[in-house]
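Below is one structure, written out as structure tokens, with a few remarks after it.
The values are calculated or read from the model by the stated rules, or taken from the named source; none is laboratory data. Bear in mind that the values here come from a model prediction, so they are computed numbers and not experimental data. Here the Cβ is made from the backbone with ideal geometry for all residues, glycine too, and neighbour counts use every protein chain on show. The accessibility values were calculated without ligands, DNA or RNA, using every heavy atom of the protein model including side chains. Shrake-Rupley method; radii C 1.70, N 1.55, O 1.52, S 1.80 Å.
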Amino acid sequence: MILRAKDKWVVGLTVSMLSGKRTALSFFSKNGADVLSADELVRQLYQVPAVQKRLLSWFGSWEPAQVARCIFALPQDRQKLEKYLHPQVLKRAAEYIKQSPHKLVVFEVPLLFEAGWNKLTDLNIVVLGDERTLPSRLKARGITAAEYKRRLAGQLPEAEKARRADIVLANRGSKTDLGLKIKRLCRAFESIYEAK
């Protein structure tokens, strides 16, 4: 299955943990892109009775927090869940993208490269956060440094994500700065699209 669609730019977006995912998606949306989040599609799937039944049998709960505790504790549980959910997420994403009236669709996926979904899009962007502000962001979210490291263990290092991405956006200044970068990027996509 591919996510590319005729007459559209389909962009894969991945963001390091606590690096401004919501902010980046908001700026893409404000600049004319349709935005889609894999996490949101997973949340929708968690409401499907058949999925709830499967999660209950595996993890004793279908509540996201409880499932997250299980899958971050045991890599084999995370792999089992991804093998089950990923095809369903891809199917929903492909349907959404196909029906979107927008020329630019940004699909945010935390495990874009790890899952190999970067090969299904037209191009891929990574947003890198600011290490200097990480402690305050962790504190604001109530996440310990140990929990942060445990969650990152299942992801590629930032440097590797940056190496694999077509475009790297550094979110190391103000929100206004990131917004300006995304605005310029969306204008560039629009110009390229019109020139096709």
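Quick notes on this one:
- The accessible area of Lys183, taken with all protein chains in place and a 1.4 Å probe, comes to roughly 80 Å².
- Whole-percent carbon and sulfur share, accessible surface of the range 1-110, 1.4 Å: 55 percent
- Where the range 49-106 is the region considered: accessible area per residue in Å², 1.4 Å probe: 61 Å²
- Radius 14 Å from Cβ of Asn118, net charge of other residues (Lys, Arg +1; Asp, Glu -1): 0
- Cβ-Cβ FRET estimate between Ser57 and Asp7, R0 fixed at 41 Å, reported to 0.05: 0.45
- Ordered by solvent-accessible area of protein heavy atoms (1.4 Å probe), largest first, the residues Trp117, Trp58 come out as Trp58, Trp117.
- With every protein chain in place and a 1.4 angstrom probe, the accessible-area ranking of Arg78, Arg187, largest first, reads Arg187, Arg78.
- Peptide packing: for 85-94, 27-36, the average count of neighbouring Cβ atoms within 10 Å per residue gives the ranking 27-36, 85-94, highest mean first.
- Cross-link reach is defined here as a Cα-Cα straight distance under 26 Å, omitting same-chain residues fewer than 8 places apart; for Lys8 the lysines meeting it are Lys21, Lys30, Lys91, Lys98, Lys103, Lys119, Lys161, Lys181, Lys183, Lys196.
- Glu95 - accessible surface, heavy atoms, 1.4 Å probe, Å² rounded to 10: 90 Å²
- Peptide ranges 46-54, 120-128 listed from the most packed, as the mean C-beta count within 10 angstrom indicates: 120-128, 46-54
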